[in-house]
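Novice: Sharing a structure with you now.
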Amino acid sequence: MFVEIFMGIVSLDEIKPGMTLATDMRTNQGRLLLQAGSKIQAEHLKIARIWGITQADITDDSAPTGPENPIERLDPELKKVLDALTDWKFACCDRESPFYRKLAFLFQKRIASTLTRKNSRKVVEKYRGPKILGDVKQSRGDESQKPHLEKLVDKEVSLVTLPDVFHEIVEVTGNPKSSSTDISNVLAKDQSLSSRILRLVNSPFYGLMSKVDTLSRAVTIVGTVEITNLAMGISITSTFNDVSSELVNMHDFWEHSLSVGVVAKILATQNKMPVQERLFVGGLLHDIGRLVLLKNYSRISGKMLAFATSRPVNLYDLETKYFGFSHSELGGRLLEQWKVPQALANMVKSHHSRSSIDDSGETILIRLADIISHGLGYGHSGARRVPPLDYNEWKNAGLSITALPVVAAQTENNLRDLMRIIVEDQAHAI
Ligand SMILES: [Fe+2]
Ligand SMILES: [Fe+2]
């Protein structure tokens, strides 16, 4: 049972003119919009919306309570359903810790408004998964073969055809003589890709001060390395969309992946880290190895997913025990073979291995973002429960629990738009 009250962080829709701002209101990029202590006016709310801000920290005496809280508005039967689902989802975590209490509250707050008597069974199934997972008949791989990491990587590399533009990007970025114009020229050859890059950098999530109309301008403003990372990430994303829907629906998979990228970038912004695009792409690709396992070992993967649904175990541990390697190692090796930047491959390779030698601050942010994304209930990559947190990692990353509602609101505000740009509108061209 999770009990929480609204603190100072309040959704913009619930803020009324005349309320007082408790802490500075800033854009995603850290630009100050309104100083702490200011009385909020209707005009401030309008500007905040333009900048994609979804909530603000207001002084407690003006925060809404009681009926404004969607969890408190639920009828008792539905509250029981929500509590049981939350207990199941957070069963691998230390639910007494302030971090998980806050995350569970944010999960409930997000789900409560969608829960009705009529749809409660469907909502629970959406988050827990269907019951048929243990009975997968079709598999694309030969499951009588003992799994072998390098053989699987080689097989995948030979089978998967990445778009031509991907290989050209690798070539042009590997050439020290290449200029930013060369990179723009390569990207411009793929109209769908360049369109999506432009829509992405012009989205409220990027919060750029002015509209970017051309690729060369995007390269200048966002940076050559960042744009090529984005281009590689989007190209790989569009290649992987053919895994059995019995095990994982591709929409859910990319919603999870993208939300990890979004959360990682938000955490990096809060920590003023300079590598935000790489983190965004790291999140987008972090579970790519899971897709390869689900595709080649569908039957055994289905049994593992069913086991992890019926018992509070971590799917990552089951998979490592059976295969002898994890989806993170597999994903990292694949990216290395495809010659994506090593820092990106390392992030993917180590995103579950705590205390690994590759554990840079970036890898830790991906791991934390993965936990937050699971906790907020955005899609899944097979595993549906919230992974356990090493609280020292959270603290050492310089993050505060009071940041969680802001992360949740910014993710909610941007994810739909980004899903459309990166995953759903693949054929869309400007
Ligand atoms: Fe993972
Ligand atoms: Fe994940």
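Novice: On the principal axes of its Cα set, how long, how wide and how thick is region 285-430? Give whole Å, largest value first.
Specialist: Largest first, region 285-430 extends 45, 38, 35 Å along its Cα principal axes.
Novice: Limiting things to C-alpha atoms, what are the Rg and the maximum Cα-Cα separation (Dmax) for region 162-253, in angstroms?
Specialist: 14.5, 47
Novice: What value in Å³ per residue do you get for the convex hull of the alpha-carbon atoms in region 247-337?
Specialist: Cα convex hull per residue, to the nearest whole number: 113 Å³.
Novice: What are the DSSP H helices in the chain that stretch 27 Å or more along their long axis, judged by alpha-carbon atoms, and whose average Kyte-Doolittle hydropathy comes to at least 0.0?
Specialist: Length and hydropathy pass: 250-270.
Novice: Another question, then. Amide H of LEU33: which non-local residues (sequence gap of 5 or more, or other chain) have their own amide H closer than 5 Å, using H built in the peptide plane?
Specialist: Excluding prolines and chain starts, which carry no amide H, the hits are MET25, ARG26, THR27.
Novice: If you don't mind, another one. Could you sort 111-123, 227-239, 12-24 so that the peptide with the highest average Cβ count within 10 Å comes first and the rest follow in order?
Specialist: Result, highest mean first: 227-239, 12-24, 111-123.
Novice: Compute the separation of the alpha-carbon centres of region 310-353 and region 139-188 and state it in Å as a whole number.
Specialist: 17 Å
Novice: In a solvent-free Debye calculation with one equal scatterer on each Cα, what is log10 I(q)/I(0) for the chain at q = 0.08, 0.10, 0.12 Å⁻¹, listed in the order of the q values?
Specialist: The Cα Debye sum returns log10 ratios of -0.45, -0.71, -1.03.
Novice: How long is region 9-131 along each principal axis, judged by its Cα atoms, biggest number first, in Å?
Specialist: Each principal axis gives a Cα extent; for region 9-131 these are 50, 28, 26 Å.
Novice: Still on this model: For region 366-393 and region 204-276, compute the distance between their C-alpha centroids and round to whole Å.
Specialist: 18 Å
Novice: Okay, next question. How high is the relative contact order of region 9-131, in percent, counting Cα pairs under 8 Å that sit 6 or more residues apart?
Specialist: Relative contact order, region 9-131: 22 percent.
Novice: Please list, ordered by chain and number, the residues whose modelled amide H lies under 5 Å from the amide H of GLN55; skip anything fewer than 5 residues away on the same chain.
Specialist: Here LEU12 satisfy the definition.
Novice: Still on this structure, please answer the following. So what is the 222 nm mean residue ellipticity for the chain from helices alone, if each DSSP H run of at least 4 adds -39500 (n - 2.57) and you divide by all residues, rounding to the nearest 500 deg cm²/dmol? Intermediate values should be presented prior to the final figure.
Specialist: Values: 21 runs with 236 residues, N = 430.
Estimated from H runs of four or more residues: -16500 deg cm²/dmol.
Novice: Among 252-260, 264-272, how do they line up by average Cβ neighbours within 10 Å per residue, starting with the highest? Don't skip to the end; give the middle numbers.
Specialist: Working: 252-260: 25.1, 264-272: 21.6.
The densest-packed peptide leads the list: 252-260, 264-272.
Novice: Sort the following peptides by mean Cβ neighbour count (other Cβ atoms within 10 Å, averaged over residues), highest first: 329-337, 206-214.
Specialist: Values: 329-337: 22.4, 206-214: 13.3.
Packing order, densest peptide first, comes out as 329-337, 206-214.
Novice: Can you compute the modelled spin-label distance between SER216 and ASN185, with each label point 7 Å from Cα toward Cβ, in nm?
Specialist: The modelled label-to-label distance comes out at 1.1 nm.
Novice: Here's something else I'd like to know. How high is the relative contact order of the chain? Use alpha-carbon pairs under 8 Å, at least six apart in sequence, and give a whole percent.
Specialist: With pairs under 8 Å counted, the relative contact order is 22 percent.
Novice: Multiply the residue gap between ASN314 and ALA36 by 0.36 nm, knock off their C-alpha separation, and tell me the result in nm, one decimal place.
Specialist: Extending this stretch completely gives an extra 95.9 nm.
No value in this document is a laboratory result; all are computed from the given coordinates. Note that the structure is a prediction, hence the values are computed from the model and not measured. Cβ atoms come from the backbone with ideal geometry, glycine included; neighbour counts cover every protein chain shown.
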